[in-house]
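Novice: This is the structure, below, for whatever I ask next.
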Amino acid sequence: MRLLLAISWRNLWRNRRRTLISMSAAGLGLALIVFYVGWIEGMIGEAKNQLDNTGMGHVEVYAKGWRPRRPVEVALADSKGLLSTLELPAGADAGARVVARALASGAHGAQGVTVLGVDPERELRLSKHFGDVRQGERLAPGDGRGVLVGEKLAEKLQLKVGHKLKLMVQGADGEMGVDVFRVRGIFHSIAAPLSRATVFVDAPAAQKLLGLGEVAHQLVVQLPDATQADEVKRAMEQRLGDRAEVVTYAELMPALLEIEQMTGTMTVVITLFVYLLVGLGIMNTMLMSVLERTRELGVMRALGERPRGIVALILAESFWIALLSVAAGLALGLAAVWAGADGSLLDFSKSTESWEMAGTVLDARVRTAVAVRPTIEAAALVFVLTTLIGIYPAWRISKVEPAKALRAN
Amino acid sequence: MSVVRVAGVKKSYLAKGKVVTEALRGVDLVVEKGEFMAIAGPSGSGKTTLLNLIGALDTPTSGTVEVDGRDLGTLSPNEQADLRRDRIGFVFQAYNLIPVLSAAENAEYVMGLKRVPAAERRRRVAELLAQVGLEGLEEKRPLEMSGGQQQRVAVARAIAAEPAVVLADEPTANLDQATGRALVEMMRRLNRDRGVTFIFSSHDPMVLESADRVVRLVDGKVASDERKSPGEPQAASS
């Protein structure tokens, strides 16, 4: 075995350039795959952990029957009391919202919007855009007349800070509710739909507009770690019982979960596809290398090496190529993932401000992250495939009669 | 006691199902243990073919070949490989050392296949390389050695695993006269000292003069089988 490994290792370096080309092909293929899954992992990770780009929660609570039609009168009573009783993990943020569809009218036009009645102090921790006021000032707690609008809505309705905005809704009693607010500030959001069709008012003002008491339509909980969502959901369900519906971000964005689950399958498919191309090249190179040594391998047969010994020798050579290729590919791929972890490698901010993925919105600078399982799977697959590539050349040369092999030039 | 027994052996080479060459046309030969014999004949007479058949590297079209009492025709490819490993040593015209191995590693290669313990392999190789005059060259790779030195390594490799017979196909063909003579003398010494049976194929007069027995092949048939009398002097051993 020692001699076999020694011969195979030294054979590898007889034609250094050819070996390096084979290794580069396999290694670069793996590095690209590692970087690709790191890209997807980074996007999924950000989608899970940066729900504040859209103000979504890792766990959300609604009154039973509110989803999906969102009737105004179906609401959670005593929202403040509910919030105070929630036992959340350290670092979690939570807030209550009143939600209603409305027609927003300014001096220069009208637009259908979603009105969010919020506690401004809590909302600051739940929605990044709520705090990103580019003109005017943030909404202050207790400001019953103020409204925050998005940049795109302000542009469409030609609103400026201080302008009046009329909000018309269908109240809880079925009658129209109308009130006039004054634009306090204009916020920026990387999510175009939010910028175009969301306005924020103080929660009591929204409740008054809708003719509701101290209720909320939505409790939003953001967690420091998305993996805590299921556990928090179970605890909240026990506490709230039948009166509320508790859902996680994964249930709200099933596509995100599907993408995550598909990443593993896609990694295998892409790896197989890449290796169909790369592998043929490596096999051709190995076959050439083996056939060039027909006489030498014939000598080994003549000296008493069994055909399976020749197969083992060639497979040991492909094993070394696989080992070195995987090591180089992993090093290169992981280095690229590491280099892209700050978003500098995949920075699309010059052409777009955000990505939309599976119902969530991400920053245009994609921060890559190591996708542990897909990376291990890809490396294992590349290792096995590259090793197995040696089978055909090995089988072919082991079938040559020793006398015929000895006559080869 | 015979080491090799060849009976009625014919060998034809076919191309597209048709016989294109009849290399051997019915050869009978018995080689006794400890013989130092040569197979002579012009190019194309069937010398290499006969050695290949005796060495279980090829199969006869008809007839039987026995080595050490075993009929090669009844052996599977793996059994033939094992027989070559255990009972037959080879020395080739072009040396055919494994280029990535050192002289010592080449010499111990067959012992490695036989799973001889490493310490025993090293001991035997050191002794053999000294015996063939290659002390100090153990770590040299084939390309760093002269043709004569490489052929000495090949001889050491052939006898290291203590075979019943060593088959040497034109062993001096690529060597100059003096080196060839030294090699033959060395093999002769090993034949005497260790009792190793040698069968050469050659048309080098110096090699033929050194052999105890010369079998001449002409057109694939044994034309003559001459043995020297015990007292007759040998040209290569002086």
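No lab work stands behind these numbers, since they all come straight from the coordinates. What you see is a predicted model; the values in this text were computed from it and never measured. A quick note on method: Cβ atoms are made from the backbone with ideal geometry, for glycine too, and the neighbour counts reach across all protein chains shown.
Novice: Across chain B, how many lysine pairs, 8 or more apart or on two chains, come within less than 27 Å at their alpha-carbon atoms?
Specialist: The result is 18.
Novice: From the Cα gyration tensor of the range B:140-194, with a ≥ b ≥ c the square roots of its eigenvalues, which class applies: rounded if a/c is under 1.5, or else prolate if a/b is larger than b/c, or else oblate? Each step should come with its number before you reach the end.
Specialist: Details: a/c = 1.93, a/b = 1.32, b/c = 1.46.
Since a/c reaches 1.5 but b/c is at least a/b, the shape of the range B:140-194 is classed as oblate.
Novice: Given an 8 Å cut-off on Cα distances and at least 6 residues of separation, report the relative contact order of the range B:157-234 as a percent.
Specialist: On the way: 73 pairs, mean separation 21.0, N = 78.
Across the range B:157-234, relative contact order equals 27 percent.
Novice: Can you compute the helix-only [θ] at 222 nm over chain A? Use -39500 (n - 2.57) per DSSP H run of at least 4 residues, normalise by all residues, nearest 500 deg cm²/dmol. Working shown, then result.
Specialist: Values: 16 runs with 212 residues, N = 409.
Taking each H run of at least 4 residues, the total per residue is -16500 deg cm²/dmol.
Novice: Let me know the shape class of the range B:128-170, please: from the alpha-carbon gyration tensor, a ≥ b ≥ c as square roots of the eigenvalues, rounded when a/c is under 1.5, otherwise prolate if a/b is greater than b/c, or oblate. Please list the in-between numbers first.
Specialist: Numbers: a/c = 2.47, a/b = 1.50, b/c = 1.65.
Because a/c hits 1.5 or more and a/b fails to exceed b/c, the range B:128-170 counts as oblate.
Novice: With a sphere of radius 13 Å drawn around the Cβ of A:Arg18, what net charge do the other residues whose Cβ falls strictly inside it have (Lys, Arg +1; Asp, Glu -1)? Write down the numbers at each step before the final one.
Specialist: On the way: positive: A:Arg14, A:Arg16, A:Arg17, A:Arg293; negative: A:Glu292, A:Glu317.
Charge balance near A:Arg18 sits at +2.
Novice: Between 0 and 90 degrees, rounded to the nearest ten: what's the tilt of helix B:147-160 against the longest Cα principal axis of chain B?
Specialist: Helix B:147-160 sits roughly 80 degrees off the main axis of chain B.
Novice: Using only Cα atoms, tell me the angle between helix B:77-87 and the longest principal axis of chain B; keep it within 0 to 90° and round to the nearest 10.
Specialist: Roughly 60 degrees, rounded to the nearest 10.
Novice: What are the ³J(HN,Hα) values, in whole Hz, obtained from phi via the Karplus relation 6.51 cos²θ - 1.76 cosθ + 1.60 with θ = phi - 60°, for each residue of the range B:206-212 in sequence order, with x given for Gly and Pro?
Specialist: Taking θ as phi minus 60°, the curve returns 5, 5, 5, 5, 7, 7, 6 Hz for the range B:206-212.
Novice: Another question about this same structure. Let me confirm one metric for peptide B:79-90, namely the mean number of other chain beta-carbon atoms within 10 Å of its residues' beta-carbons. Write out the running numbers ahead of the final one.
Specialist: Numbers: counts 1, 4, 12, 2, 1, 7, 6, 1, 1, 3, 2, 6.
Partner-chain Cβ atoms within 10 Å, mean over residues of B:79-90: 4.
Novice: Based on DSSP H assignment, which helices of chain A show an axial Cα extent of at least 18 Å together with a mean Kyte-Doolittle hydropathy greater than or equal to 1.6? Each step should come with its number before you reach the end.
Specialist: Numbers: long enough: A:16-49 (47 Å, 0.62); A:254-292 (55 Å, 1.36); A:307-339 (47 Å, 1.74); A:372-388 (24 Å, 1.47).
What comes out of the filter, once short or polar helices are dropped, is A:307-339.
Novice: How much of the DSSP bridge set in the range A:57-252 is antiparallel, in percent, rounded to the nearest 5? The partial results should precede the final answer.
Specialist: Numbers: 40 of 50 bridges.
Taking every DSSP beta bridge with both residues in the range A:57-252, the antiparallel ones total about 80 percent.
Novice: Please compute the average number of Cβ atoms from other chains found within 10 Å of each residue's Cβ in peptide A:344-350.
Specialist: On the way: counts 0, 0, 0, 0, 0, 0, 0.
Mean shielding by partner chains, rounded to a whole number: 0.
Novice: Restricting to the protein assembly as shown, what percent of DSSP beta bridges are antiparallel, rounded to 5? Numbers along the way, then the final one.
Specialist: On the way: 70 of 97 bridges.
About 70 percent, rounded to the nearest 5.
Novice: Still on this structure: Search the structure for amide H atoms under 5 Å from the amide H of B:Val3, placed 1.01 Å from N in the peptide plane, and list their residues when 5 or more places away or on another chain.
Specialist: When sequence neighbours closer than 5 places are left aside, the close amide H contacts are B:Val31, B:Glu32, B:Lys33.
Novice: Further question: Would you list, by chain and number, the aspartates and glutamates whose Cα falls below 18 Å from the Cα of A:Lys164, excluding same-chain residues fewer than 8 positions away?
Specialist: A:Glu137, A:Asp143, A:Glu151, A:Glu155, A:Asp179, A:Asp202
Novice: In percent, how large is the relative contact order of chain A, given Cα pairs closer than 8 Å and 6 or more residues apart? Numbers along the way, then the final one.
Specialist: Details: 790 pairs, mean separation 111.2, N = 409.
Rounded, it is 27 percent for chain A.
Novice: Have a look at the DSSP beta bridges in chain B and tell me what percent are antiparallel, nearest 5. Could you put the intermediate results ahead of the total?
Specialist: Numbers: 24 of 41 bridges.
Of the beta bridges lying entirely in chain B, close to 60 percent run antiparallel.
Novice: Per-residue counts of other Cβ atoms within 10 Å, averaged by peptide: what ranking do you get for B:100-110, A:121-131, A:173-183, A:145-155, highest first? Numbers along the way, then the final one.
Specialist: Values: B:100-110: 24.1, A:121-131: 20.2, A:173-183: 15.1, A:145-155: 22.1.
Highest mean packing first, the order is B:100-110, A:145-155, A:121-131, A:173-183.
Novice: Could I ask something else about it? Place the peptides A:70-77, B:8-15 in order of packing, highest mean first, counting for every residue the other Cβ atoms within 10 Å and averaging per peptide. Working shown, then result.
Specialist: Details: A:70-77: 17.9, B:8-15: 14.9.
My ranking of the peptides, most packed first, is A:70-77, B:8-15.
Novice: When the helix-only estimate is applied to chain B (DSSP H runs of n ≥ 4, each -39,500 (n - 2.57), divided by the residue count), what is the mean residue ellipticity at 222 nm, nearest 500 deg cm²/dmol? Walk me through the intermediate numbers first.
Specialist: Numbers: 8 runs with 81 residues, N = 238.
Computed mean residue ellipticity for chain B: -10000 deg cm²/dmol.
Novice: In terms of the Cα gyration tensor, with a ≥ b ≥ c the square roots of its eigenvalues, is the range A:81-189 rounded because a/c is under 1.5, prolate because a/b exceeds b/c, or oblate? Don't skip to the answer; put the middle values down first.
Specialist: Working: a/c = 2.37, a/b = 1.40, b/c = 1.69.
Taking the square roots of the gyration eigenvalues as a ≥ b ≥ c, the range A:81-189 is oblate.
Novice: A further question follows. Over chain B, what relative contact order in percent results from Cα pairs under 8 Å that are six or more residues apart? Please report the intermediate quantities before stating the final value.
Specialist: On the way: 477 pairs, mean separation 65.8, N = 238.
Relative contact order here is 28 percent.
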